[in-house]
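Engineer: I have a structure here, written as structure tokens, and I will follow up with some questions on it.
The values are calculated or read from the model by the stated rules, or taken from the named source; none is laboratory data. What you see is a predicted model; the values in this text were computed from it and never measured. Note: ideal-geometry Cβ built from the backbone for every residue, glycine included; neighbour counts use all protein chains shown.
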Amino acid sequence: MLDIYKTAQGLDFRLGEATMGFIPYQTLKLTQAAGVTPEDALDMQYVAEELQPGEVFKVGDFNVVLGPQRKFTHEVDLHAVGNPDHQQYADIGPKKTVKVVGIKEAVAAVMTYQDYYQMGAGNCDPKHGVVYKIPRDGAGERRKVGEVYYNGRYRTNAQITAVKAEIRRKYPNPSKTP
């Protein structure tokens, strides 16, 4: 079932853990995102303003459950660049930052984005998959807490630092490695 979560900024469309789309309230009337017609979107705007979490309503062919307002805890950057090895010289997907609840959703967002844009490892920008913690009070700057790699594995900053230290220990002078 398609779940729609009412957030402070708009409606968050989810199918399981995968984000299918997000529609800000101010553009809800104009969008056709997530397979929603403009007429359905307008109906959805009026209904969403009146519903309480857990109530069910119908939009087109979808039975929709309005979930609780979500408190986002993390953001993940998604960047799909061209791979010159495959004659791709421009970005193959938009650069975007997605708000998620927890690391599991960050991993799901990265994997969904990669699948949608048919990315290979060579299409990953160094900033792709970087996960940030959002300050609880909403003030202050987000802070990097880890990365989701192309294969879906999440590593914390401490794990990344430990791997880099091990590499430097094994190869103290990279210009003189065999």
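Engineer: Can you pull out every residue in region 64-76 that is at pLDDT 80 or above and assigned to a strand (DSSP E or B)?
Structural biologist: Result: His74, Glu75, Val76.
Engineer: I've got another one for you. Name the pairs: first residue in region 126-145 and free of Cβ contacts under 8 Å to residues at least 12 places away in the same chain, second residue buried (at least 16 other Cβ atoms within 10 Å of the Cβ), Cβ to Cβ under 8 Å, at least 6 apart or on different chains?
Structural biologist: Arg143/Tyr132
Engineer: Still on this model: I'm trying to understand the selection: among the residues of region 100-129, which are within 13 Å of the chain's Cα centre (by Cα) and crowded, with 20+ Cβ neighbours inside 10 Å?
Structural biologist: Val100, Glu105, Ala106, Val107, Ala108, Ala109, Val110, Tyr113, Gln114, His128, Gly129
Engineer: Among the residues of region 34-45, is any surrounded by 13 or more Cβ atoms within 10 Å (Cβ to Cβ), at pLDDT 85 or above and outside any strand (DSSP E or B)?
Structural biologist: No, the conditions are met nowhere in region 34-45.
Engineer: Any residue in region 156-176 that's surrounded by 10 or more Cβ atoms within 10 Å (Cβ to Cβ): show its pairings with residues that are modelled with pLDDT under 90 and not in a helix (DSSP H, G or I) at Cβ separation under 8 Å, as long as the two are six or more apart or on different chains.
Structural biologist: That search, which allows pairs on different chains as well, returns Tyr171/Thr177.
Engineer: Count, please, the residues in region 105-129 that happen to be in contact with a Ser or Thr (Cβ under 8 Å, 6 or more places away or on another chain) and of a type in the set (A, V, I, L, M).
Structural biologist: Selection size over region 105-129: 2.
Engineer: How many residues, within region 124-167, are among the hydrophobic types (A, V, I, L, M, F, W, C) and within 15 Å of Val100 (Cβ to Cβ)?
Structural biologist: Adding up the residues that qualify gives 5.
Engineer: Give just the number: which of (1) at pLDDT 85 or above; (2) assigned to a loop (DSSP other than H, G, I, E, B); (3) exposed (fewer than 10 other Cβ atoms within 10 Å of the Cβ) does Gly140 not satisfy?
Structural biologist: Only one criterion is unmet by Gly140, namely (1).
Engineer: Turning to a different aspect of this structure: Does Thr112 fit the bill of being β-branched (Val, Ile, Thr) and assigned to a helix (DSSP H, G or I)?
Structural biologist: Criteria met by Thr112.
Engineer: Condition test on Lys104, is it assigned to a helix (DSSP H, G or I), touching a residue at least 40 places away in the same chain (Cβ under 8 Å) and not aliphatic (A, V, I, L, M)?
Structural biologist: yes
Engineer: Can you tell me which residues in region 126-164 are of a type in the set (Ser, Thr, Tyr) and over 13 Å from Glu75 (Cα atoms)?
Structural biologist: Within region 126-164, Tyr149, Tyr150, Tyr154, Thr156, Thr161 qualify.
Engineer: Next question. In region 154-166, is there at least one residue being under 15 Å from the mean Cα position of the chain (by Cα) and not hydrophobic (A, V, I, L, M, F, W, C)?
Structural biologist: Initially, region 154-166 is screened for residues under 15 Å from the mean Cα position of the chain (by Cα), giving 154.
Filter again for not hydrophobic (A, V, I, L, M, F, W, C), leaving 154.
Yes, some residue in region 154-166 is under 15 Å from the mean Cα position of the chain (by Cα) and not hydrophobic (A, V, I, L, M, F, W, C).
Engineer: For region 77-101, give me the residue count where each residue is out of contact with any strand residue (DSSP E or B) (no Cβ under 6 Å at 6 or more places or on another chain) and not in a loop (DSSP other than H, G, I, E, B).
Structural biologist: 4
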